[in-house]
Every structure is written in structure tokens, then in C-alpha cells.
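Novice: Below you will find the structure I want to go over with you.
The values are calculated or read from the model by the stated rules, or taken from the named source; none is laboratory data. Every value quoted in this text rests on a predicted model; they were computed, and no experiment measured them. Please note: Cβ atoms are built from the backbone with ideal geometry, for glycine as well, and neighbour counts cover all protein chains shown. Heavy atoms of the whole protein, side chains included, go into the accessibility calculation; ligands, DNA and RNA do not. Shrake-Rupley method; radii C 1.70, N 1.55, O 1.52, S 1.80 Å.
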Amino acid sequence: MSVASLERASVTPEDLTITPRDRRFGRDEQTPRWWLNNSPYETALYNALSATFPKGEAYFIESIRAFRDAADEKLTGEIRAFTTQEVIHSREHLAFNRRAVEAGYDLAPLEKTVDESLALLKGRPPILDLAATMALEHFTAIIAHEMLANPRHLVNADPATADLWRWHAVEEIEHKGVAYDTWLAATRDWTRFKRWKVKSILMLLVTRNFVQHRTQGVLELLRQDGITGLRAWAGALWVMWGRPGIFRKVGAAWLSYFLPRFHPWNEDDRALIRGWDATYDYRQEPPARRVRKAA
């Protein structure tokens, strides 16, 4: 039986189109140090996230591409589009991170944490890399959904920077099923229980590291703003878990990952994509030669 003839145990919409939107944000602009609501706490959360994206997204790409031979024709095309989107995301967040450095922040400690985390993964079976990527892609998708569904998260933000985050969120929703469908293809010979057990264990490990490291990153950036001790902890936890509390607000969506028949597209939230596409002029350009695509 050929790979192409295998049934895809997926609920990804058949009419889904993953479209790389080749945009540049904030070029030739000076991003304010506290670009979000003039708040060091809210700014620190998003800066801490952005510091992880370039190297993290490269890891996602390689983890998924390692299993492209298991993909059918449709999924192969989705992997290509996913790769192009993620490469452009990395480019734009590298540019944003440079502006954060120009505003006075040192992101090296946060980038070092990413390097150390990735170093720990060396030598593991590639299927575990795919499972970790799948878990992290669920994180990014549910955060993206909340960010677009609730405008409060980016209220009073620097306009170009807010555009960057919303654009990124749109594409994270659009390709949210690619890692999961690659996982289904790569583990098609596994029992349903084994598949659930491995993905659940990896999600718990990923969640622990994600929350711990992002909290450390926020506290480090606040330290650079002269905010330390109880004041830093209280402000950081309030922003992440209180108000606007984006981590708290995605709690139910995070739990859905452990349901036996979970799939990212069990919730078809493409209306958020259509809403943003309809109101924002992307001035789309064909991906430039320097944008690497999956072979």
C-alpha cells in the first residue's frame, strides 16, 4: 500500500489553504522600550516569547521534515507551506528582537536557555522531537486564538509590533494541524493508547519547561528594568495568569489536548483568520529567494 493511499486519520478541513504572507514589520522604526500599554510587565512577556521563536521554529521545521516521507501528497504540500511560514516568522522575530536590543534589553540570557533546552534533546528518537513540536504547536495555536479573539491582549500596543503579533497568530492558526497530522502519519502503526500516552507525557514535560522558562525570561527582562523581588514576581504572575492573563485564558484549550479524540481542527476557528485578512492590507509579495522552503 502506498503512502498516498493510506487513510489520514485527520479532521483538517479539506479546503484549508496555508498561505505564507511575506510581510515585514517595523523596519526603519524605533520600537519603544515598553511597547505594550507602556507596561514593563506586559512588554516583558511578549519579548520573552519572541526571544525563543527563531531557534524554536527552526527546531519545529526540522522535527516535522524528518517525517515527510510518511506524508501523503496533501500533507506534503502543507509541510512545505508550514516551513515557509515558519521561516518568515523567524525572520520577522529576529528583526523584532534586534529592535528590543536597540531599546536596551539583553536577550542573550533568554537565548542561552533555548540553546540549553535544545542541547538536552540531542540523541533522542526523532519521534519524540515531533511529539514535543506537536505540543508546542498546540501552545502557539491556542495562544494565537486567544490573542485574535480578545483584542485586550494588544490594546495600546505599538502599531507595527501589534501587526507583527496578529499576523503571526493568523498563520499559527492556519497551520495548527500540520505537526499533528504528521504525527498521525508517522505513528499510523501505533495503537491509539500508545499514541495518546506518548503525546500526553510529552505535553506535560513541555508545559513544565514552557511555563518555567517563560517565567524566568520575564523576570530577567524585568530585572533589566530595575524591577526585582516580590514586585517583579507579583507583576509577572498577574500579567500571565491574572489580567489580561493569556495563560489562564487558554487553560481549557490546553486540557483538550488530552482528550482521546483530540485534533487541533476539532475547533474550526478560521473565522479569526478571515476577519484579520479582511481588515488588514498585507500587501503580499511572493516569498523572496532567501525564504527557504521544504524540499
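Novice: Å³ per residue of the Cα convex hull, for the chain? Intermediate results must be reported in sequence, preceding the final value.
Specialist: Working: hull volume 38.6 nm³, N = 295.
Spread over its residues, the Cα hull of the chain gives 131 Å³ apiece.
Novice: Taking 0.36 nm per residue of sequence separation and subtracting the Cα-Cα distance, how much length would be gained by fully extending the chain between Asp268 and Thr228, in nm to one decimal?
Specialist: 10.2 nm
Novice: Only loop residues by DSSP count here, and only those with at most 13 other Cβ atoms within 10 Å; note down the GluC sites (Glu not before Pro) in the range 22-74 that meet that.
Specialist: Details: sites: Glu29, Glu42, Glu57, Glu62, Glu73; in loops: Glu29.
The qualifying sites are Glu29.
Novice: I need the phi-derived Karplus couplings for the range 250-264: 6.51 cos²θ - 1.76 cosθ + 1.60, θ = phi - 60°, integer Hz, Gly and Pro marked x.
Specialist: My calculation for the range 250-264 gives 9, x, 5, 5, 4, 5, 4, 4, 8, 5, x, 10, 4, 8, x Hz in order.
Novice: If you take the C-alpha gyration tensor of the range 172-264, multiply each eigenvalue by 5 and take the square root, what semi-axes do you get, largest first, in whole Å? Can you show the working numbers first?
Specialist: Values: eigenvalues 233, 34, 29 Å².
Over the Cα atoms of the range 172-264, the ellipsoid semi-axes are 34, 13, 12 Å.
Novice: Right, another one. With a probe of 1.4 Å, find how much accessible area the range 109-257 has per residue, and write the answer as a whole number in Å². Intermediate values should be presented prior to the final figure.
Specialist: Working: 6450 Å² over 149 residues.
On a per-residue basis, the range 109-257 sits at 43 Å².
Novice: Kirkwood Rh over alpha-carbon pairs of the range 76-134, then Stokes-Einstein at 10 °C and 1.306 mPa s: what D in µm² s⁻¹, rounded to an integer? Working shown, then result.
Specialist: Details: Rh = 13.8 Å.
My calculation gives 115 µm²/s for D.
Novice: If you plug each phi of the range 27-38 into the Karplus form 6.51 cos²θ - 1.76 cosθ + 1.60 with θ = phi - 60°, what whole-Hz ³J(HN,Hα) values come out, in order, with x for Gly and Pro?
Specialist: Coupling constants for the range 27-38: 5, 6, 10, 9, 6, x, 4, 9, 7, 10, 6, 6 Hz.
Novice: If amide hydrogens are placed 1.01 Å from N in the peptide plane, which non-local residues have theirs closer than 5 Å to the one on Ala157?
Specialist: Asn37
Novice: Just to be sure I follow: if Rg is taken over the C-alpha atoms of the range 133-186 and Rh is the Kirkwood radius over the same atoms, what is Rg/Rh? Mind showing how you got there, number by number?
Specialist: Values: Rg = 12.8 Å, Rh = 11.8 Å.
For the range 133-186, the value is 1.09.
Novice: Using +1 on the beta carbon of Lys and Arg, -1 on that of Asp and Glu, and nothing else charged, what's the dipole of the range 172-253 about the Cα centre, debye to 20? Provide the component values of the computation, followed by the final result.
Specialist: Working: 14 positive and 6 negative charges, 84 e Å.
For this selection, approximately 400 debye.
Novice: Then there is this: Determine the per residue accessible area of the range 40-98 with all protein chains present and a 1.4 angstrom probe, expressed in square angstrom.
Specialist: Values: 1700 Å² over 59 residues.
On a per-residue basis, 29 Å².
Novice: Follow-up. In the Gaussian network model of the chain, springs joining C-alpha atoms below 10 Å, which of Ser50, Ser39, Ser63 carries the largest mean-square fluctuation?
Specialist: In this elastic network of the chain, the residue with the biggest mean-square fluctuation among Ser50, Ser39, Ser63 is Ser39.
Novice: Could you state the per residue volume, in Å³, of the convex hull enclosing the Cα atoms of the range 26-136?
Specialist: Hull volume normalised by residue count: 111 Å³.
Novice: Right, another one. Over the chain, with every protein chain in place, what whole percent of the accessible area is carbon and sulfur at 1.4 Å, could you tell me?
Specialist: Numbers: 7830 of 13910 Å².
After summing per-atom areas, the C and S share lands at 56 percent.
Novice: By average Cβ neighbour count within 10 Å, what is the ranking of 214-225, 185-196 from highest down? Mind dumping the intermediate values first?
Specialist: Numbers: 214-225: 20.2, 185-196: 14.2.
Put in order of decreasing packing, that is 214-225, 185-196.
Novice: For the chain, which DSSP H helices look membrane-span-like by this rule: Cα extent along the axis of 18 Å or more and mean Kyte-Doolittle of at least 1.0?
Specialist: Numbers: long enough: 40-65 (38 Å, -0.13); 73-102 (44 Å, -0.67); 108-121 (20 Å, 0.39); 126-149 (34 Å, 1.09); 159-174 (23 Å, -0.49); 192-224 (47 Å, -0.21).
What comes out of the filter, once short or polar helices are dropped, is 126-149.
Novice: Phe247: net charge of surrounding residues, Cβ under 15 Å, Lys/Arg +1, Asp/Glu -1, itself excluded? Walk me through the intermediate numbers first.
Specialist: On the way: positive: Arg152, Arg208, Arg214, Arg243, Arg248, Lys249; negative: Glu42, Glu146.
Residues near Phe247 contribute +4 overall.
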